[in-house]
Amino acid sequence: MKSWLEPGRLSARGFVPAAMVAFALSGGAAGAASAPLSLASMGVFYVGGVRVESPYADDRAAKLPNSGYSTVLHQAKVTFLIPETATGPAIILVPGFGLSSSIYLSTPDGREGWAQYFARGGHPVYVVDVPDRGTSGMAVDAVNGCIARDPAYPCSPDIMLGRTSLENPWRIWGFGPKFGERHATSRFPAFPLQQNYIEQFGASFEVFSGSGAMGASGPTTTTVSALQRLLERVGPAVLVLHSAAGGPGFGLAIARSDLVRAVVAIETTPCPGDGPDGNNALGKVPLLGIYGDFVNERVGGEHPARHASCKRAAESLARSGVAAGFIDLPKELKIAGNSHLMMMDDNSAEIAGLIDNWLMEAGIRR
């Protein structure tokens, strides 16, 4: 597939000047990262929550169960960074399953995250912690009711609590051939182990419930609802989706294309396919897919199939005249070593620069 990033190659919107590619690969706005970050505002709000009766939540004043008490469920936590002067579209950053907003706010070795990068570049930034996980708030009544043997809260595997281990994702996410060993060109800052980089990363993993399906995929999940509420609040924005965030993110982009200016798919679950009419399900929504290294060496996660689906989706959209591209970092740009967590890799600013450059080339930056 011809890359829009390669100087002299034709993209959906014309030729890409070599200077623009060089700017992106140099990190773009990251050059200003040593300067203080100046914002008009920064803070946290919640979207998508509903008030529910909660007999097993508040145990400070009475023996459980109690009555007359309620909690809020299914909310997404949103951290926002608003630059003093907005020169680009709003960007919503959504983490993959078991991961928190911290993957976009910092790196294990202490560098700024994509949130700060895009805010420095003039984008209003909204970083999401999806519903029904630890940081956003979970339904404790189901677990506590099970422990109390309340028949209204039957015990089942769906209420078991889970948390990603340090060891399990090592090969799935392309860090190395086995836990504690990295690929020779690996860019993920897991080493040196004595500096606790991998423990810093693992400390951010979210608690989730059951099989992992909660909020992870599908068109009717609480994540779709919360993201739609967020878009309705902040206006049309670019969705940056990581891994399992692809399911709800693509579903929302298809259902509410009026609210989604573009989708950036960072090694997501499968991208939408073509419909019976031969056109991709995303319609006129621009798409950029990005994939890192060691795809065929990864064990689990079906990464080769994901990679192929997003490449096909970009090609289909481009044939329809929609701004779309797919970047295989090692094959197209000779950038080796990137993992599934490229927003935390040691060249994370360069990858963010590629995204910002594509938004400009696709006409999405105003």
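The values are calculated or read from the model by the stated rules, or taken from the named source; none is laboratory data. Because the structure is a prediction, the values reported are computed rather than measured. Virtual Cβ from ideal backbone geometry, glycine too; neighbours counted across all protein chains shown.
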(message) Between a residue in the range 355-366 that is over 19 Å from residue 114 (Cα atoms) and any residue that is surrounded by 18 or more Cβ atoms within 10 Å (Cβ to Cβ) and not β-branched (Val, Ile, Thr), which pairs come within a Cβ distance under 6 Å, given they are 6 or more apart or on different chains?
(response) 362/286; 362/323
(message) Tally up the residues in the range 207-227 that are buried (at least 16 other Cβ atoms within 10 Å of the Cβ), at pLDDT 85 or above and more than 14 Å from the chain's Cα centre (by Cα), please.
(response) 3
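Of these, 90, 30, which one is touching a Gly at 6+ places or on another chain (Cβ under 8 Å), surrounded by 18 or more Cβ atoms within 10 Å (Cβ to Cβ), at pLDDT 90 or above and at negative phi? Talk me through it step by step, then tell me what you get.
On the way: 30 fails: at pLDDT 90 or above.
Of the residues listed, the single one that is touching a Gly at 6+ places or on another chain (Cβ under 8 Å), surrounded by 18 or more Cβ atoms within 10 Å (Cβ to Cβ), at pLDDT 90 or above and at negative phi is 90.
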(message) Residues that are in contact with a Leu (Cβ under 9 Å, 6 or more places away or on another chain), part of a loop (DSSP other than H, G, I, E, B) and closer than 29 Å to residue 54 by Cβ: does the range 167-179 have at least one?
(response) no
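Could you tell me whether residue 81 is at pLDDT below 95 and either part of a loop (DSSP other than H, G, I, E, B) or more than 19 Å from residue 351 (Cα to Cα) (or both)? Walk me through it before giving the result.
Numbers: at pLDDT below 95: no; either part of a loop (DSSP other than H, G, I, E, B) or more than 19 Å from residue 351 (Cα to Cα) (or both): yes.
Taking the combined requirement at face value, the residue does not satisfy it.
In the range 305-342, how many residues are aliphatic (A, V, I, L, M) and either under 17 Å from residue 268 (Cα atoms) or in contact with a strand residue (DSSP E or B) (Cβ under 6 Å, 6 or more places away or on another chain) (or both)?
Going residue by residue through the range 305-342, those that are aliphatic (A, V, I, L, M) are 305, 308, 313-314, 317-318, 322-324, 327, 329, 333, 335-336, 341-342.
Going one step further and asking which of them are either under 17 Å from residue 268 (Cα atoms) or in contact with a strand residue (DSSP E or B) (Cβ under 6 Å, 6 or more places away or on another chain) (or both), we end up with 305, 308, 313-314, 317-318, 324, 327, 329, 341-342.
Result for the range 305-342: 11.
Looking for whichever is touching a residue at least 12 places away in the same chain (Cβ under 8 Å) and within 11 Å of the chain's Cα centre (by Cα) here; the options are 246, 251. Which one fits? Working first, answer last.
Details: 251 fails: within 11 Å of the chain's Cα centre (by Cα).
After ruling out the rest, the residue left standing is 246.
When only residues in the range 118-132 that are within 15 Å of the chain's Cα centre (by Cα) and of a type outside the set (Asp, Glu) count, which is farthest from residue 187 (Cα to Cα)?
Taking the range 118-132 as the starting set, the residues that turn out to be within 15 Å of the chain's Cα centre (by Cα) are 118, 125-131.
Filter again for of a type outside the set (Asp, Glu), leaving 118, 125-128, 130-131.
Numbers: 118: 21, 125: 25, 126: 26, 127: 23, 128: 25, 130: 27, 131: 30 Å.
That would be 131.
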(request) Name every residue in the range 97-109 that is in contact with a strand residue (DSSP E or B) (Cβ under 8 Å, 6 or more places away or on another chain), surrounded by fewer than 24 Cβ atoms within 10 Å (Cβ to Cβ) and in a loop (DSSP other than H, G, I, E, B), in order of residue number. (result) 97, 98, 100
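Among the residues of the range 46-58, is there at least one that is hydrophobic (A, V, I, L, M, F, W, C), outside any helix (DSSP H, G or I) and within 30 Å of residue 361 (Cα to Cα)? Explain how you work it out, then say what you get.
First, pick out the residues of the range 46-58 that are hydrophobic (A, V, I, L, M, F, W, C): 47, 50, 52, 57.
Right, trim to outside any helix (DSSP H, G or I) and you get 47, 50, 52, 57.
Subsequent filtering for residues that are within 30 Å of residue 361 (Cα to Cα) retains none.
Checked against the condition, which is being hydrophobic (A, V, I, L, M, F, W, C), outside any helix (DSSP H, G or I) and within 30 Å of residue 361 (Cα to Cα), the range 46-58 yields no hits at all.
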(message) Residue under question is residue 244, and the condition is that it be touching a strand residue (DSSP E or B) at 6+ places or on another chain (Cβ under 8 Å) and small (Gly, Ala, Ser); does it hold?
(response) no
(request) Identify the residue in the range 344-366 that is crowded, with 21+ Cβ neighbours inside 10 Å and not in a helix (DSSP H, G or I) and, among all such residues, is modelled with the lowest pLDDT. (result) 362
(request) Say whether the condition of being aliphatic (A, V, I, L, M) and closer than 23 Å to residue 187 by Cα is met by at least one residue in the range 269-289. (result) yes
(message) Just to be sure I understand, how many residues within the range 146-166 are among the charged types (D, E, K, R), within 30 Å of residue 340 (Cβ to Cβ) and over 21 Å from the mean Cα position of the chain (by Cα)?
(response) 1
(request) Could you check how many residues of the range 110-166 are surrounded by 16 or more Cβ atoms within 10 Å (Cβ to Cβ), at pLDDT 90 or above, outside any helix (DSSP H, G or I) and of a type in the set (D, E, K, R)? (result) 4
